[in-house]
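The values are calculated or read from the model by the stated rules, or taken from the named source; none is laboratory data. In this text, all values refer to a predicted model and were calculated from it rather than measured experimentally. We place every Cβ from the backbone using ideal geometry, glycine too, and count neighbours over all the protein chains shown. These area figures cover heavy atoms from the full protein model, side chains too; ligands, DNA and RNA do not enter into them. Shrake-Rupley method; radii C 1.70, N 1.55, O 1.52, S 1.80 Å.
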Amino acid sequence: MSVIHADIFLTKRKVQHLVLSGLSLILIALFLLSLSIGAFHISMSEVLGIIAGKLGFGTYEGSGAASQVLLGIRMPRVLMGIIIGGGLGLAGAALQGLFRNPLVEPGLIGVSTGGAFFAVVFIVFGAKVLSMTPLLSLIGLPLFAFCGGLMVTLIVYRIASHTGKTDVSVLILAGVAINALMGALIGLVLFYADDAALRNFTFWSLGDLGGSSWVKLLTAAVLMIPASVMVIRLYPQLNAMALGEREAFHMGVNIQYVKYVLFLSAAMIVGTAVSLSGTIGFVGLVVPHLIRLGFGADHRLVLSGSFLLGAILLSAADLLARNIVRPAELPIGIITALLGAPFFIYLIVNLKKIKL
Amino acid sequence: MLQGRNIHFCISERPIIGEVNIVVAPGELTAIIGPNGAGKSTLFKLLSGDLTCNRGEISYNGKHIAGFKSNQLAKVRAVMPQHSEVSFPFSSWEIVALGMINDPAAISDRDIQAVMEKLQVWHLRAQAYNMLSGGEKQRVQLARVLVQVWKKQAFPRFILLDEPVSSMDVALQHLVLDFMNELKQRNIGILMVLHDLSLVANYADQVIMMKQGEVMANGHVSEVFTNQNLESLYGYPIHVEKHHQGLGLLVHSLPIHHINQRINKAL
């Protein structure tokens, strides 16, 4: 395993900063590339010109259509991909740290489907009641999904963890059971839904960034960024908990507080992501692993690194989804699952080696 | 002073710890010994704050343990449990450095290095903890625990170690216990669950003998380490002798077939 081991503290910090800067640069490059490439091609110079013009410096006036596609459709979508990918990567890393297990992922343990179920319930039954207040229907959906995600997280934790130790097989089986249950419940609710909602079913099962708008992006940012910051700030505590909850308590960590914050934040991130873009699987599984494999297990890097790499991964997946069957689109979940499922199998096969 | 008064603990009506009084003084090494299932580990967990006793009171420096927040308690006591597994590929150095998360300013990198060198694990600093041998893991964990209380403080601190040297070879066991002797001078009280009686005889100041959830005998090694006490503690003949050069104690027990031969001869 090619873990980079820094001899002293300072070089380790330096490596971490280098990795984070590198990931940020890749993300920025990918961001610009995603703005340029698509069914409606906008050249890179136009992209930069329109952004510069919008920011108030530069004189370039893009063609009306390019400007409209870029600012009205593509940019909110690409930004949404970044924030949701980052959130899912981070939530995966946080849940893995909390469960002390590298196989945990919001999709696998049923948190995403739990959120999706609550979101579907809200759409089918709640939207009519709340259609009078647009703000509530905008915020209500993610909050409902948050409740569903939180509920499933707590149930799974209750089932699989005893005195701070998680039983992997029980955890995965609990995830399978909850996924099946929530899937069935979603189906049941959709049975009572009208045709339009029915057609959206693939959206919930495979994920889609297609409907992104600036308003939705703002909702995502308001709900997900504070939660993400809360999680990232807990890196020392998560490091201590890797030794065990008991040991972390011995070292002065307030375990209950850390757990509550992680449960709530992870459910908030995943719930919001699910309500806005459906269940996009495997990002939260693959991303923290790649960071650990490459640069060690220190959560100082794993948490922020997972956010950046998750954003990169989902942006790249979305870029593919938009372009390989142009002008049609693939659901983005198909691409993340095609990448993630083989990786998951690899993890299962190598679990012994990884844990050692 | 780490003090436990009338500690009682039971699991579903079955008493594990009957009625125990215990004092660990700073500057002393106190060893808990006793047969398997005597309640040593439970007592250890009660004292470290992992478990809460049903009756009785545990206090650190005169303050009730329930009155401490986890970060305050971590400044007064550090704990090394018997087994610790690490769930992700952390390096040994990272594990040791975790000892300072409660108070990152209290210890420098040079101090961490000094502790690791003293315990002969500095050369393992870059290796993944999970790849180490049992004895190496124990020394890394011990280094982590010591880092937590390394900075000198005005108030007494305590370290609780549950069989800290069980996987180490003889030379390392002596190295570690000698290091513990040095630590006592830092106004630190050490409480240790130990199985090796000759180590207890030669390094401990106070001994607490536990049997069936009760303290059977309690006092300075020179007073309580007698043939009779040890035999009734373990239910097996154990001999304590002065080393022929007058330094230290020898504790030994004969194998069962030798004892049988002796009995046969006597008959």
### Message
Set the bar at 26 Å for Cα to Cα. Now go through B:75/B:211; A:54/A:216; B:40/B:184 and name every pair that lies beyond it.
### Response
B:75/B:211
### Query
How much accessible area is lost when chains A and B come together, counting both sides, with a 1.4 Å probe, in Å² rounded to the nearest 100?
2900 Å²
### Query
Hey, any idea what % of the protein assembly as shown's accessible area is carbon plus sulfur with a 1.4 Å probe?
63 percent
### Task
For chain A, just say rounded, prolate or oblate: build the C-alpha gyration tensor, square-root its eigenvalues into a ≥ b ≥ c, call rounded for a/c under 1.5, and beyond that prolate if a/b exceeds b/c, oblate if not.
oblate
### Query
Hey, got the average number of other protein chain Cβ atoms within 10 angstrom for residues in B:142-149?
1
### Message
Ordering B:223, B:19, B:13, B:136 by accessible area with a probe of 1.4 Å, largest first, what comes out?
### Response
B:13, B:223, B:19, B:136
### Query
Hey, got the average number of other protein chain Cβ atoms within 10 angstrom for residues in B:92-102?
5
### Query
How large is ³J(HN,Hα) for each residue in region A:264-272, as worked out from phi by the Karplus curve 6.51 cos²θ - 1.76 cosθ + 1.60 (θ = phi - 60°), to whole Hz, x for Gly and Pro?
5, 5, 4, 5, 5, 5, 5, x, 4
## Note on the structure
Taking N as the number of residues in the protein assembly as shown, the ratio of its alpha carbon radius of gyration to 2.2 N^0.38 Å works out to 1.18
### Query
On average, how many beta carbons from a partner chain sit within 10 Å of the beta carbon of a residue in A:293-303?
2
### Query
Of B:1, A:251, A:75, which has the most accessible area with a 1.4 Å probe, and how do the rest follow in descending order?
B:1, A:75, A:251
### Query
Quick one: net charge of residue A:250's neighbours, Cβ under 9 Å, K/R +1, D/E -1?
0
### Query
Binned at 5 Å from 0, what are the whole-percent values of the Cα-Cα distance distribution for region B:2-266, short to long?
1, 6, 12, 16, 18, 16, 13, 9, 6, 2, 1, 1, 0, 0
### Packing rank of B:97-103, A:107-113, where each peptide gets the mean count of other beta carbons within 10 Å, highest leading
A:107-113, B:97-103
## Note on the structure
Expressed per residue, the solvent accessible area of chain B in Å² (1.4 Å probe) is about 45 Å²
### Query
Long-range amide H contacts for residue B:77: which residues qualify at under 5 Å (H placed 1.01 Å from N, peptide plane, sequence gap of 5 or more or a different chain)?
B:158
### Exposure rank, largest accessible area first [B:111, A:194; 1.4 Å]
A:194, B:111
### Query
How large is ³J(HN,Hα) for each residue in region B:243-258, as worked out from phi by the Karplus curve 6.51 cos²θ - 1.76 cosθ + 1.60 (θ = phi - 60°), to whole Hz, x for Gly and Pro?
4, 5, 8, x, 10, x, 10, 10, 10, 8, 9, 8, x, 4, 5, 5
### Task
Rank by packing, highest mean first: peptides A:256-269, B:244-257, with packing defined as the count of other Cβ atoms within 10 Å averaged across residues.
A:256-269, B:244-257
### Query
Can you give the net charge of the other residues whose Cβ lies under 13 Å from the Cβ of residue B:100, counting K and R as +1 and D and E as -1?
0
## Note on the structure
Phi angles of region A:40-52, converted by Karplus (6.51 cos²θ - 1.76 cosθ + 1.60, θ = phi - 60°) into ³J(HN,Hα) in whole Hz with x for Gly and Pro, give 9, 6, 10, 5, 4, 5, 5, 4, 4, x, 5, 4, 4
### Query
Of all DSSP beta bridges in region B:2-266, what percent run antiparallel (nearest 5)?
60 percent
### Counting DSSP beta bridges with both ends in region B:85-228, the antiparallel % (nearest 5)
55 percent
### Message
With a 1.4 Å probe and all protein chains left in place, how much accessible area per residue does region A:296-356 have, in Å²?
### Response
44 Å²
#### Entry: Relative contact order for chain A, counting Cα pairs under 8 Å that sit 6 or more residues apart, in percent
30 percent
### Antiparallel content of DSSP bridges confined to the protein assembly as shown, in %, to 5
60 percent
### Task
With a 1.4 Å probe on protein heavy atoms only, tell me which residues of region A:209-253 lose at least 30 Å² of accessible surface in the complex relative to the chain by itself.
A:239, A:242, A:243, A:246, A:247, A:249, A:250, A:251, A:252
### Under 17 Å from the Cα of residue A:12 - aspartates and glutamates, other chains or at least 8 residues apart
A:298, B:94, B:109
### Query
Given H placed 1.01 Å from N in the peptide plane, which residues other than close sequence neighbours of residue B:214 have an amide H under 5 Å from its amide H?
B:18
### Relative contact order of chain B, pairs being alpha-carbon contacts under 8 Å that are 6 or more residues apart, as %
25 percent
### Summary
Expected unfolding gain across residue B:109-residue B:126 under the 0.36 nm per residue rule, minus the alpha-carbon gap, is 4.7 nm
### Task
Using label points projected 7 Å from each Cα along Cα→Cβ, tell me how many nm separate residue A:293 and residue A:334, to one decimal.
2.5 nm
### Message
Can you give me the long-range amide H partners of residue B:167? Hydrogens built in the peptide plane at 1.01 Å from N, cutoff under 5 Å, separation of 5 or more residues or another chain.
### Response
none
### Query
Which distance in Å, rounded to a whole number, links the C-alpha centroids of region A:277-306 and region B:18-56?
42 Å
